[in-house]
Amino acid sequence: MHVEEGQLKAFLLDSGLIKVDQLKKAEEETVKTGKKLREILLNLGFLKEEDIRRLEAYILGIPFVDLTHEIIDPKILEIIPEPISRTHNIVPFRKTGKNLEVAMLDPDDIQTIEFVRKKDGFRVLPRLTTPESIQHVLKQYQKTLEAEFGDIIKKESVIAGQAGETMNAVKEGGNGEENAEDLKKLAEDLPVIRIVDTLIRHAILQSASDIHIEPMEKEVLVRYRIDGILHEAMTLPKQISTGVVARIKVVSNLKLDEHRLPQDGRFKIETEQYKISFRVSVLPTSEGEKVVMRLLPESVKGFSLEELGFWGINLERIQRAIKRPTGIILATGPTGSGKTTTLYTILEMLNTPAVNISTVEDPIEYRMPRINQTQVRPDIGFTFANGLRSLLRQDPNIIMVGEIRDNETASLAINAALTGHLVLSTLHTNSAAGAIPRLIDMKVEPFLIASTVSAVISQRLVRRLCPEQEAYKLTSDQIGSLKKDLDFDRTLEILKKEKVTDQNMTLENMEWGRPKKTAECPEGYKGRIGIHEVLEVTESIKEMVVKNATSDEIEKRARGEGMLTMLEEGFIRAAQKVTTIEEVLRVTSE
């Protein structure tokens, strides 16, 4: 069964999915490039993959299925082994008696259909689907690994004995080389390798940002940070701890026999589905060595400022700052608030052949093409200040400094901005206005701050509500309580001005969203988005900086000039049902 191009053209026009002039342009491209019409239509953005798939299914008389939101019974998944499903893009999704419905990308793959039919005697009913549906179901194969994880520990009881022996050898403080050799042998045991691989695979499957392996008195606790919240994933026997830590040290190229000092390392995992860098931190505790691994996906597509959550006046302000050829743009907030992602997004927007962009980072979290990225090494004296000083001799137009930590780095960043560079950096403060006094604390002259800093971004990350959610209205008591922290009248005015809500809306009759737990969204949330405040350093703000104004005074003036605070933008996002009031209060009250 195959759809001829003539058939495809006729049905495309009859269905109204494409205009005549678009089809004509696509046909011209097929002549020029020699590519198929289907591929050209997708490349030009005239059609989506799902639209073409649905149309092809209609032409061929095969039902179309969308499985992107379906959870398949693990027993049905077991009918077709994962390697077969992955290689041939075929997944089982429904069984009725001896009838097995399978979703495929190529219904002409008779050999695979015959394999499934002969294997279990099913009557195979092929259905056409999209690559996204296939990938969604393939991920679910890995969800059955939790049961496999338990089997590993039960079957491979030899681990406990080996781990215990090695632990005793380490405690007795024998020959250091011998201990390292024992640990290396333990780290290369197949069961230990499988346990660590399983921990990592689960984390990737659940889109975790961090894996915490924490030794307790009688067990080892594994927790995943998902959408900013730590969740207990599993508990391991205490005896396995030594082997697991040794395995992670081996792949991270760390010292196996060092148990008294903290260590930091990295490793990378690449498959057809993902490419992820892991940043590893090992810290000695009273119960053993605690390991935290941060997952940094390298294959993630670039974001836009809008996708990060920039909105309205805050978006306009940051865009104005980016267009300036010189000055300093600062991103502030606590660890894990998305500052680095914001700066990388800005760099991506500025990354053109006409400019030279260089960075000094600790660590380099994402590799970016055509940008010169340098990793600092404080252990050998290569600090942010030294790196920035050397970098300025490289004739850059745009510079990113991972973090301004001291007076020397701050002074160099200020001088770089004064000498015609655009400088991006991060600072640890709780608000945008708080960045100014923080720089003054670093002994930077106020008039230099006023001359160079063009914008300060402060941000937090809130969890996104899933599309399926519950609606509710605030009670009078809740409104009274919230009014203590928020100028609701100003927020409502902004909502009406930006047409988020209609002009007659009041706080009493406004609907808000709250999480609804579903199979697809167990927590009611999926993913995160930023809430921001952007302090634009205007002439009046510059005057206040020179006069050593406090952060509260600067913030009051900025709000008078139209700055949205994080709390206000958070409530606007809650009114749009992107997130919840509880989430906004959670991150802004930290």
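The values are calculated or read from the model by the stated rules, or taken from the named source; none is laboratory data. Values in this document were obtained by computation on a predicted structure and should not be read as measured data. When we count neighbours, we look across all protein chains shown, and the Cβ atoms used for this are built from the backbone with ideal geometry, even at glycine. Quick note on the areas: whole protein, heavy atoms, side chains included, nothing else; ligands and nucleic acids left out. Shrake-Rupley method; radii C 1.70, N 1.55, O 1.52, S 1.80 Å.
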(request) Please give the number of the condition residue 450 fails out of (1) surrounded by fewer than 18 Cβ atoms within 10 Å (Cβ to Cβ); (2) more than 28 Å from residue 209 (Cβ to Cβ). (result) (1)
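Filter the range 384-397 down to the residues that are part of a loop (DSSP other than H, G, I, E, B) and open to solvent by less than 50 Å² (accessible area, probe 1.4 Å) and list them by number.
Selection gives 396 alone.
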(message) Can you list residue pairs whose Cβ atoms sit under 8 Å apart, with the first residue in the range 247-261 being open to solvent by 50 Å² or more (accessible area, probe 1.4 Å) and the second being among the β-branched types (Val, Ile, Thr) and modelled with pLDDT of 90 or more? Count only pairs 6 or more apart in sequence or on different chains.
(response) 251/196
(request) Pairs only if they're at least six apart or on different chains, beta carbon under 6 angstrom, first in the range 427-442 and closer than 20 Å to residue 562 by Cα and touching a residue at least 40 places away in the same chain (Cβ under 8 Å), second open to solvent by 10 Å² or more (accessible area, probe 1.4 Å) and part of a loop (DSSP other than H, G, I, E, B); list them, first residue then second. (result) 435/429
(request) Please specify each residue of the range 283-331 satisfying the condition of being open to solvent by 30 Å² or more (accessible area, probe 1.4 Å), more than 22 Å from the chain's Cα centre (by Cα), over 30 Å from residue 495 (Cα atoms) and not basic (Lys, Arg). (result) 283, 284, 285, 286, 287, 325, 326
(request) Return a yes/no flag: does the range 491-500 have any residue that is in contact (Cβ under 8 Å) with a residue 12 or more places away in the chain, under 23 Å from residue 315 (Cβ atoms), more than 30 Å from the chain's Cα centre (by Cα) and surrounded by 14 or more Cβ atoms within 10 Å (Cβ to Cβ). (result) yes
(message) Exactly one of these conditions fails for residue 461: (1) in contact (Cβ under 8 Å) with a residue 24 or more places away in the chain; (2) surrounded by fewer than 19 Cβ atoms within 10 Å (Cβ to Cβ). Give me its number.
(response) (2)
(request) Please enumerate the residues belonging to the range 271-293 that are touching a strand residue (DSSP E or B) at 6+ places or on another chain (Cβ under 8 Å), closer than 20 Å to residue 258 by Cα and outside any strand (DSSP E or B). (result) 287
(message) Out of everything in the range 5-37 that is at pLDDT 75 or above, basic (Lys, Arg) and assigned to a helix (DSSP H, G or I), what residue ends up being surrounded by the most Cβ atoms within 10 Å (Cβ to Cβ)?
(response) 25
(request) Could you grab me the full set of residues in the range 299-308 that are modelled with pLDDT of 75 or more and either among the charged types (D, E, K, R) or closer than 14 Å to residue 269 by Cβ (or both)? (result) 306, 307
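Being of a type outside the set (A, V, I, L, M, F, W, C) and part of a helix (DSSP H, G or I) is the filter; apply it to the range 493-518 and report the residue that is nearest to residue 585 (Cα to Cα).
Across the range 493-518, the extreme among qualifying residues is 493.
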